[in-house]
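Each remark here refers to the structure printed beneath this line.
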There are 2 protein chains.
Amino acid sequence: MTKAASVSAAILVIGDEILSGRTKDKNIGYIADYLAKIGIDLREARVVGDVKSEIVAAVNALRSRYDYLFTTGGIGPTHDDITADAVAAAFGVDIIEDPRAIALLLERIAPEELNEARRRMARIPRGAALVENRISKAPGFWIGNVVVMAGVPAIMQSMLDHVAPRLATGVRIVAQTIPARGLREGDYAAALGDVAAANPELSIGSYPSFRDGGFHNEIVVRGRDAARVGEIAAAIDAMLSRLSERRREEI
Amino acid sequence: MTKAASVSAAILVIGDEILSGRTKDKNIGYIADYLAKIGIDLREARVVGDVKSEIVAAVNALRSRYDYLFTTGGIGPTHDDITADAVAAAFGVDIIEDPRAIALLLERIAPEELNEARRRMARIPRGAALVENRISKAPGFWIGNVVVMAGVPAIMQSMLDHVAPRLATGVRIVAQTIPARGLREGDYAAALGDVAAANPELSIGSYPSFRDGGFHNEIVVRGRDAARVGEIAAAIDAMLSRLSERRREEI
C-alpha cells in the first residue's frame, strides 16, 4: 500500500472540568504520542466546555481543516454529556437510539437497569460507525472524519486502539534528540538557525527545561527521511561539540 | 471595588513539541487552577505549532472573544521562537528591540555574551508592557488583552504571579464536590438532570474516573453564589443517599 506523505489530525477535548482546573487533561499528550507513532501528524488541539454551540463550532472548524478530528469527553449518561448531540448537529444529521449500541450496553447492564439515562449512551448520530469500548461497553462513534471517544483516559485509550488499524496513515515522522552539552540556547541559536534555514524539509526545535537553577536544553530534529534526520542530527551534534569546546577555552 | 460578574479568558499554547507528544503540557492545568482561584473563567484553550500564520489566526480569534488571552511558549532566542513576531503581526504593530528588555537581559547575561540570538529575546511589539521573569530575566509582555509568557512551567508561573495583581477579576466561582457513594452515573443521572434543569445559574457536572475495574464518580456543583452552591450540594448529597439506600434494599 502506498502511503500519503502526510495525514493530519486535530484533537477536541470537551468538558468544563478541564477548563475549571478540576481535572488535568492527560488525553492530548497520550493521543499526540500515539498518532506520531502510527504516522498521523497532530496539528492542533482545542479544549471547550460543555456548551453545545461551542462544540458544534469547534467540530466544524477542525473537521474541515484536518484529515481527522478526535474528540474526548461528554459521552456518558448525565445531562452534561452533550457531545453526541453536538456532533450530530455539526453534521446536520439526526441522532437516533442505535440498536447496536443498546446491544452493547446490555452486555454490561441488566435489562431492568437500562433506564432512560443509560439509554442516552446509545444515542448515536445516524450513519455513524460504533467505536468499541472494551472497558465499560458504552461505545464511541465515528462519523465522516470525526472519531468521538470517552474522556476517561483508560476508556479513550481502548477506543483509540480499536480505531487505529482503520485509520489512513502517512509516512511516520522520525525524531532524534541531541543534548546541548551544557550550552545555553543563546550560545547555539545562530548556528542552529542556519542549519534550520538550510533544511526547510526538517523541523528543528530547541527545548529548554529549567531545574536546579539552570537550563538543560535539548535539540530535536524531526522529518520523514530517517537518513536525512540522522545526518543533520550528527551535524548539529558536531556543531554543539565545537561550540562547547570553544566555550571551555574561553573560561 | 465592585467586581464584574464574570471575566473570561482563553489560553493559547504554542509549540511543535506539544503536538508531537515530546513535551506534555502542564501549563493549561496550572493556569486553569490559578485563574479559577482569582475569579477569572477559563473558557477555551488551544494548542498550535510553531507556524506564524496559525499563531496569528489563533491570537486574533481568541483575543476578540474573551477578556484575556494568555499564551505560553515560543519566546526564547532560537529560530523556532516566533511568538513575539506573530503577536505583533496579529495586532498590526511593529516589533522593536526594547531597551527595557535589553536592560533586563544584562542583569543575567554579560555584555559580551549578548549576541544577536539573545537580543531576539528583547524583541517586543511596540506599545507592550513587559512581564517580569524572576527566574531567567528574559521578559514576557502584555499587549492589549494578550499576556505572552514563556513555555517553561517554572518561568510561566513566575510571570503569571507578576501579572495576576494587575488583572481585572470577577466574582469567584465556588465549587463543591459530592462523592457518589458507590452509585454509577446511570443510577442518578435522571435525578441529577432534574436538579441541573431547575438551577440553570449553577454548573452541575458528573465526573467518572475508572480504577480497579469500576467507576468512582463525583458530582461537582459550581456557581458564584456560595450559599446556593452549598444548598444544592446538600440536596444532591441527600438525593444520592436515598438512591444508595434504595439500591442496597434492592440487592
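At-a-glance table
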item: Unique match (being crowded, with 21+ Cβ neighbours inside 10 Å and more than 12 Å from chain B (Cβ to nearest Cβ)) among A:171, A:163, A:147, A:152; result: A:147
item: Test: residue in segment A:223-232 that is more than 30 Å from residue B:212 (Cα to Cα), within 12 Å of chain B (Cβ to nearest Cβ), in contact with a Leu (Cβ under 6 Å, 6 or more places away or on another chain) and in contact (Cβ under 8 Å) with a residue 12 or more places away in the chain; result: yes
item: Selection status of residue B:201, surrounded by fewer than 17 Cβ atoms within 10 Å (Cβ to Cβ), more than 7 Å from every other protein chain (Cβ to nearest Cβ), touching a strand residue (DSSP E or B) at 6+ places or on another chain (Cβ under 8 Å) and not hydrophobic (A, V, I, L, M, F, W, C); result: yes
item: Meets criteria (under 30 Å from residue B:90 (Cα atoms), within 12 Å of chain A (Cβ to nearest Cβ) and in contact (Cβ under 8 Å) with a residue 12 or more places away in the chain) for residue B:189; result: no
item: From B:14, B:40, residue being surrounded by 24 or more Cβ atoms within 10 Å (Cβ to Cβ) and more than 28 Å from residue A:215 (Cβ to Cβ); result: B:40
item: Exclusive hit being in a strand (DSSP E or B), out of contact with any Asp or Glu (no Cβ under 7 Å at 6 or more places or on another chain) and either among the acidic types (Asp, Glu) or at positive phi (or both), set B:231, B:245, B:249, B:218; result: B:218
item: Answer from B:96, B:109 - the residue that is free of Cβ contacts under 8 Å to residues at least 40 places away in the same chain and touching a helix residue (DSSP H, G or I) at 6+ places or on another chain (Cβ under 7 Å); result: B:109
item: Positions within segment B:1-47 being in contact (Cβ under 8 Å) with a residue 40 or more places away in the chain and among the small types (Gly, Ala, Ser), in sequence order; result: B:4, B:5, B:6, B:8, B:9, B:10, B:15, B:36, B:39
item: Which numbered condition residue B:54 fails, given (1) in contact with a strand residue (DSSP E or B) (Cβ under 6 Å, 6 or more places away or on another chain); (2) more than 10 Å from chain A (Cβ to nearest Cβ); result: (2)
item: Criterion: of a type outside the set (Asp, Glu), surrounded by 18 or more Cβ atoms within 10 Å (Cβ to Cβ) and over 26 Å from the mean Cα position of the chain (by Cα) - qualifying residue of B:220, B:195, B:229; result: B:195
item: Hey, residue A:35 surrounded by 21 or more Cβ atoms within 10 Å (Cβ to Cβ) and assigned to a helix (DSSP H, G or I) or not; result: yes
item: Residue check for residue B:103: more than 14 Å from chain A (Cβ to nearest Cβ), of a type in the set (A, V, I, L, M, F, W, C) and within 25 Å of residue A:192 (Cα to Cα); result: no
item: Count of residues meeting criterion [within 14 Å of chain B (Cβ to nearest Cβ) and of a type outside the set (Asp, Glu)] in segment A:106-136; result: 18
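FYI, it's all coordinate maths here, none of it is from the lab. None of the values given here were measured: they were computed from a predicted structure. We place every Cβ from the backbone using ideal geometry, glycine too, and count neighbours over all the protein chains shown.
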